[in-house]
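K.L.:
Take a look at this one; I'll ask things after.
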Amino acid sequence: MIKLPSAVKILVVDDQPLIAAELCELLEGSGYRCVCSETGSQAVERFNEDEAIGLVLCDLHMPGMDGIQLVQELQRLSGKHRVFEAIMLTGRADKQDVIKALRAGFADYYQKPVNPAELLEGIARQAVVLQERQKSLQLKHLDQKLQYLAESIDDLYQDLDKVRRGPRLSVSTDEADIAVDRVEIPAVFSHLSPRQLEVARLVGKGQTNYQIACELGITENTVKLYVSQVLRLTHMHNRTQLALALSPGHGLRQGMTAH
């Protein structure tokens, strides 16, 4: 049967070269890409050099840097920007060592000599977990980029408004109304930018994204961005909740906060 290549790359770490080579042969025969290492320090170098590595299969008891120390060092290096899963192999099934290893970050463990079928099943499970964690991390990064984009757009429109208005000697009636409204709005809205608050108020009036876009002179996609940011920053679930929060006499004006 032809083995399809896996997107997951595995770092195999064992101080016994023969065991490391046999494990790599088993994994590569099942479609995985492998990198072998005989020491913890060498494994750290390989991990740093190859960002495709997502699974770490390592012996617990090794001279110098043991398996637990290795995983802790890889966690430190990965920080919040990279995820990986670790599986422990051990020839000595000491319960306390296993518990310590699992607490340190190992996802699973296997007793040597390893049953190949069981190991492959375990690796396949961890590969699925890893892919989900990678997706979550990517979504988080995209959300951060969208937030930065929305803030940048907000700054640009504020600058554009200043240029359009030019110098003023007095505060206009509209600006005075906005100032009054700021005092009246629930505290949960107080940290929104002026443009975000403006969009929130129009949503509160029941306007659609298209209507808001026409009124503010921006694109409908930009309005969607602002609405998404407002909901996220105020911890509200949908436009209806947002509209109710800004409606006159609503409970939020008496101190309630969004859940």
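K.L.:
Summing +1 for each Lys or Arg and -1 for each Asp or Glu, what net charge is found among the other residues whose Cβ lies under 11 Å from the Cβ of Cys24? Before the final figure, lay out each step's value.
P.N.:
Working: positive: Arg33; negative: Asp14, Glu22, Glu25, Glu28.
Result for the neighbourhood of Cys24: -3.
K.L.:
Further, regarding this structure: Please report the antiparallel percentage of DSSP beta bridges with both residues in the range 9-137, rounded to the nearest 5.
P.N.:
Working: 0 of 19 bridges.
Antiparallel bridges make up about 0 percent of those DSSP assigns within the range 9-137.
K.L.:
How much space per residue, in cubic angstrom, does the convex hull of the C-alpha atoms of the range 9-137 take up?
P.N.:
Details: hull volume 12.4 nm³, N = 129.
Spread over its residues, the Cα hull of the range 9-137 gives 96 Å³ apiece.
K.L.:
Exceeding 24 Å between C-alpha atoms, which entries from my cross-link table qualify? They are Lys100/Lys135; Lys80/Lys135; Lys145/Lys224; Lys9/Lys135; Lys100/Lys140; Lys112/Lys135. If you can, show how the numbers build up before the last one.
P.N.:
Numbers: Lys100/Lys135 28 Å; Lys80/Lys135 13 Å; Lys145/Lys224 15 Å; Lys9/Lys135 16 Å; Lys100/Lys140 30 Å; Lys112/Lys135 33 Å.
Result: Lys100/Lys135; Lys100/Lys140; Lys112/Lys135 exceed 24 Å.
K.L.:
While we're here: Using θ = phi - 60° and the Karplus relation 6.51 cos²θ - 1.76 cosθ + 1.60, list the HN-Hα couplings for the range 128-143 in order, rounded to whole Hz, with x at every Gly or Pro.
P.N.:
5, 4, 4, 4, 5, 5, 5, 4, 4, 5, 5, 5, 5, 5, 5, 4
K.L.:
If amide hydrogens are placed 1.01 Å from N in the peptide plane, which non-local residues have theirs closer than 5 Å to the one on Val114?
P.N.:
For Val114, whose amide H was placed from the backbone, there are no distant partners under 5 Å.
Read the figures in this text as sums done on the coordinates, not as results from a lab. Given the structure is predicted, the values throughout are model-derived calculations rather than measurements. Heads up, the Cβs are rebuilt from the backbone with ideal geometry, glycines too, and the neighbour counts pull from every protein chain shown.
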